[in-house]
1. Given the -39500 (n - 2.57) contribution per DSSP H run of 4+ residues, what per-residue ellipticity at 222 nm results for the chain, rounded to the nearest 500 deg cm²/dmol?
2. So what's the chain giving for Cα Rg divided by 2.2 N^0.38 Å, two decimals?
3. Compute the acute angle (0 to 90°) between the alpha-carbon long axis of helix 5-15 and the principal axis of greatest extent of the alpha-carbon atoms of the chain; round to the nearest 10°.
4. Of the residues S26, S44, S36, which exhibits the maximal mean-square fluctuation in a Gaussian network model of the chain defined by a 10 Å Cα contact cut-off?
5. Hey, what does the equivalent ellipsoid look like for the range 17-64, semi-axes from the Cα gyration tensor as sqrt of 5 times each eigenvalue, largest first, whole Å?
6. Which FRET efficiency, nearest 0.05, do K57 and T14 yield, Cβ-Cβ r, R0 25 Å?
7. Can you list residues whose amide H is under 5 Å from R19's amide H, if they're 5+ apart or on another chain and H is modeled 1.01 Å from N?
8. When the dipole is taken about the Cα centre of the chain, and only Lys, Arg (+1) and Asp, Glu (-1) are charged at their Cβ, what size is it in debye, to the nearest 20?
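All of the numbers you see were taken from the coordinates with simple rules; none came from a lab. What you see is a predicted model; the values in this text were computed from it and never measured. Please note: Cβ atoms are built from the backbone with ideal geometry, for glycine as well, and neighbour counts cover all protein chains shown.
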Amino acid sequence: MALKKSQKSLKKWTKQKWRTPSGKKSSETGEVYAPSATIKKLKSTKSGRAKLAAANKKKRAATKKGKQHAKHGLHKGKKR
């Protein structure tokens, strides 16, 4: 039986290794979770590091307000 497009997407998503930039728990650091490849790509450039810092700042502010999810912009362009 062939997988639907949404099922293929979910399968790909679950195979990705998700982590925080520091490798520690987000509950301890307040950092965003993203795929390892995305974090590596962002850390390699100055503008990427700035985006990561801004995303972490938004995540920490949302967490401080009691929110579980933050619109930090790292996943822009994805339907959510």
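1. My calculation for the chain gives -15500 deg cm²/dmol from helical runs alone.
2. Values: Rg = 14.1 Å, N = 80, 2.2 N^0.38 = 11.6 Å.
Compactness ratio reported: 1.21.
3. Computed tilt is about 50 degrees.
4. S44
5. Ellipsoid half-lengths, sorted descending, are 17, 13, 7 Å.
6. On the way: r = 28 Å, r/R0 = 1.13.
Once rounded, the FRET efficiency stands at 0.30.
7. A34, S36
8. Computed charge dipole of the chain: roughly 280 debye.
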